[in-house]
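I have placed the structure first, in the form of structure tokens, so that the comments after it can refer back to it.
The values are calculated or read from the model by the stated rules, or taken from the named source; none is laboratory data. Every value quoted in this text rests on a predicted model; they were computed, and no experiment measured them. In this analysis, Cβ positions are derived from the backbone assuming ideal geometry, glycine residues included, and neighbour counts consider all displayed protein chains. Areas reflect the complete protein model, heavy atoms only, side chains present, ligands, DNA and RNA absent. Shrake-Rupley method; radii C 1.70, N 1.55, O 1.52, S 1.80 Å.
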Amino acid sequence: MSAAVIDERISAPAPDGKADASVVQVSESDWVSRFADEVIAEARRRDPDRPIVCASGLSPSGPIHLGNLREVMTPHLVADEIRRRGHDCVHLLSWDDFDRFRKVPAGIDPSWAEHIGKPLTSVPAPAGSEHPNWAEHFKAPMAAALAELGVEYRPVSQTQMYTSGAYTRQVLRAMSERERIDAVLRRYRTKEGVDDDGSVAAGYYPYRPYCSQCERDLTTVTGYDDETTELVYECGCGHSETVVLAEHRQGKLAWKVDWPMRWAYEGVVFEPSGVDHTSPGSSFVVGGQIIGPVFGGEPPIGPMYAFVGISGMAKMSSSRGGVPTPADALSIMEAPLLRWLYARRRPNQAFTIAFDLQIQRLYDEWDALSAKVDTSTATAADAAAHGRATRTARGALPTTARPVPYRTLASIVDVTAGDEDQALRIVRDLDPSRPIGSLDETRPRLDRARAWVLTQLPAEQRTRVRDEPDTGLLASLGDDERESLRLLAAGLDENWSLPGLTTLVYGVPKRLLGLPEDVKPTPELRAAQRAFFALLYHLLVGRDTGPRLPTLLLAIGADQVRKLIGT
RNA sequence: GGGCCGCUAGCUCAACGGUAGAGCAGCAGACUUUUAAUCUGCGGGUUCAGGGUUCGAGCCCCUGGCGGCCCA
């Protein structure tokens, strides 16, 4: 990409005139920027004086997995771009915590089945939780992850909204327009009775009360008076009752009505949704036909986003256990890297997040990109994604002062088995011209690499240093091999540094062949070096390969090395 | 059966309707660092196919193919 484009981008004046000079204006051609253009134009057309509203919705019915993060990251990135341009913008996060508890997930006490049908905020949290109810228990880790990711939003609890009566006008409106709503829904209904949106022989009612006796939603509305707003319901528990809907607080609109109601209530201009919402008869399509005639207003700009996978896994489902969450991802990678994954791909593009060895390559790519950005040699799109990953309108996210390559850190953690003194000794010698004085300079990346090694690296790929010498192998060695080991052992102490040991391990085969230290490598020497290294790996870690020998030797310690090589 | 999305270099992906580009892989050279090493350089394309609109199409329209997914 030409430098002209970059220069133009950098020299573009800050729209609000107060952004500091270090904030590089993000490219105007990436997908985030294009959505921001569209959203700003649409918001201006609707009502130029209102803050621009972007929205996300999450159901805290169980662990919130990495795929659901896209529901938040997509509006976040767009809202952040809108803020960068100096507009007032709100990112709403609707917690669907007034939804019914549908089923007891695996691993939960089966007695929780008695709560099925209650609002998620009325279900006790899983045993041992510090949180007051089911919804809060699953909201908390997501909220913590979003904070770490620098996502700014305004949380909205649907329980709070419904039970406070905030939506009463809209609920009454939906009830009086129930026939019109039913007509829309009927267009997509093919079977009788399977729709969970409240179609019954007695008539369609978009409102479902939670039973005042058992708290569950096993209720059926059997009558409604538009004049008095008196509503009659029967519950599966046997309870039956007449309530005044205008004053009723324990109930909610059917999802396909609830969603457009909120679009209208909040004035949402941008809210993406998953691919499952794009089919005919889906919530988004139906909602778009309901909002105008029933609530007044227009549906938001609502791109669909594709699924996010984990490398090695197909797609994620929160109904299955053991699915990685944003917190899991943040334990093995820094926040900017995770942000980058969501920023660099358009929403309709599926991608995978690496929990396996691929993460090392990903980090290499990230470091290379960062270097290009520092020298203004990155392409416009790459620079844009990098900018969105590393900072928000509010400021920069925390970074690692000395970004040692992830694969190196992982290797160090692996070899040292968590011994920080050894790790520091190795890290300090990595770059003698700019020595690292404290492991803290390599954090938080070091901590992420450590977590990756401990939780993701398969046991068979871990390096385990032998406790005892391989006496069988030692006994089988020839004279030359014994001599090479003796030469190594003799030089350990005076060469005990990364460069020193490097010279030593390459030098031993030379001396054995009678070659000078500064000899050019011949094929014969290369072969001898390779064989020597393989021998050492076998003696030290029981395999024919491993981490670079100088690193490995430093980590093992001279005494143990001498013990393992039988000298 | 209905619908959504995608198809661009070997792979993963860029490219307001205006000369198709990156990363990785590959190849060549360099290198006294092996484990997926590092540095420099180079090559790499019928943009799934066919038709249409346009001065101009990877991009817009139509038809078909293949792939992924949703609903039924």
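Brief remarks on what is shown
- Cα long-axis angle, helix A:66-84 against chain A (0 to 90 degrees, to the nearest 10): 80
- Net dipole in debye of region A:125-280 [+1 Lys, Arg Cβ; -1 Asp, Glu Cβ; about Cα centre; nearest 20]: 300
- Dipole of region A:415-567 [Lys/Arg +1, Asp/Glu -1 at C-beta], most positive-end residue of A:424, A:451, A:538: A:451
- With a Förster radius of 30 Å applied to the beta-carbon distance between residue A:106 and residue A:213, the computed FRET efficiency rounds to 0.50.
- Angle between chain A longest axis and helix A:134-148 axis [Cα atoms, degrees, rounded to 10]: 50
- Dipole magnitude (debye, nearest 20) for chain A, charges at Cβ of Lys, Arg, Asp, Glu: 840
- Nearest-10 value in Å² for the accessible area of residue A:406, using the 1.4 Å probe: 0
- Summarising the label geometry, the points placed 7 Å from Cα in the beta-carbon direction at residue A:44 and residue A:407 lie 4.8 nm from one another.
- The phi-based Karplus calculation (6.51 cos²θ - 1.76 cosθ + 1.60; θ = phi - 60°) puts the 3J(HN,Hα) values of region A:212-219 at 6, 8, 9, 6, 8, 9, 7, 9 Hz, whole numbers, x for Gly and Pro.
- Within region A:241-307: Cβ-based charge dipole about Cα centre, in debye rounded to nearest 20 (Lys, Arg +1; Asp, Glu -1): 40
- Of the residues A:107, A:87, A:55, the one whose Cα sits farthest towards the positive end of the charge dipole of region A:55-116 is A:87 (charges of +1 on Lys and Arg Cβ, -1 on Asp and Glu Cβ, taken about the Cα centre).
- Where A:493, A:258 fall by accessible area, highest first, once all protein chains stay in place (1.4 Å): A:493, A:258
- Treating r as the C-beta distance of residue A:246 and residue A:113 and R0 as 22 Å, the FRET efficiency rounds to 0.05.
- With DNA, RNA and ligands ignored, accessible area of residue A:138 (1.4 Å probe; Å², nearest 10): 30
- Degrees between helix A:178-188 axis and first principal axis of chain A (Cα, 0 to 90, nearest 10): 50
- Nonlocal amide H pairs with residue A:94, under 5 Å, H built at 1.01 Å: A:56, A:57, A:58, A:156
- Amide H contacts of residue A:351 (H built 1.01 Å from N, in plane; Pro and chain starts excluded): A:309 sit under 5 Å, all sequence-distant by 5 or more or on other chains.
- Ordering of A:554-561, A:469-476 by packing is A:554-561, A:469-476, highest average first (other Cβ atoms within 10 Å, averaged per residue).
- Looking at region A:450-517, the GluC sites (Glu not before Pro) that sit in a DSSP loop and have at most 12 other Cβ atoms within 10 Å of their own Cβ are A:517.
- Here the Karplus relation 6.51 cos²θ - 1.76 cosθ + 1.60, evaluated at θ = phi - 60°, turns the backbone of region A:35-51 into coupling constants of 5, 4, 3, 5, 5, 4, 4, 5, 5, 5, 5, 6, 6, x, 8, 8, x Hz, with x for every Gly and Pro.
- Per-residue Karplus couplings for region A:458-469, computed as 6.51 cos²θ - 1.76 cosθ + 1.60 with θ equal to phi - 60°, are listed in order as x, 4, 5, 9, 6, 8, 10, 6, 5, 7, 10, x Hz, Gly and Pro entered as x.
- Charge-dipole axis of region A:247-401 as Lys and Arg at +1 and Asp and Glu at -1 on Cβ define it, positive-most pick from A:371, A:293, A:255: A:293
- Cysteines, chain A, no other Cys beta-carbon under 4.7 Å: A:54, A:89
- Heavy-atom accessible area, probed at 1.4 angstrom with all protein chains present, ranks A:441, A:266, A:114 as A:114, A:441, A:266, highest first.
- When the alpha carbon gyration tensor of chain A is reduced to an equivalent ellipsoid, the three semi-axes, largest first, read 60, 29, 17 Å.
- Here's how it looks for residue A:52: its modeled amide H is under 5 Å from those of A:88, A:89, A:90, which are all 5 or more places away or on a different chain.
- Of the residues A:90, A:39, A:285, ranked by 1.4 Å probe accessible area with the largest first, the sequence reads A:285, A:90, A:39.
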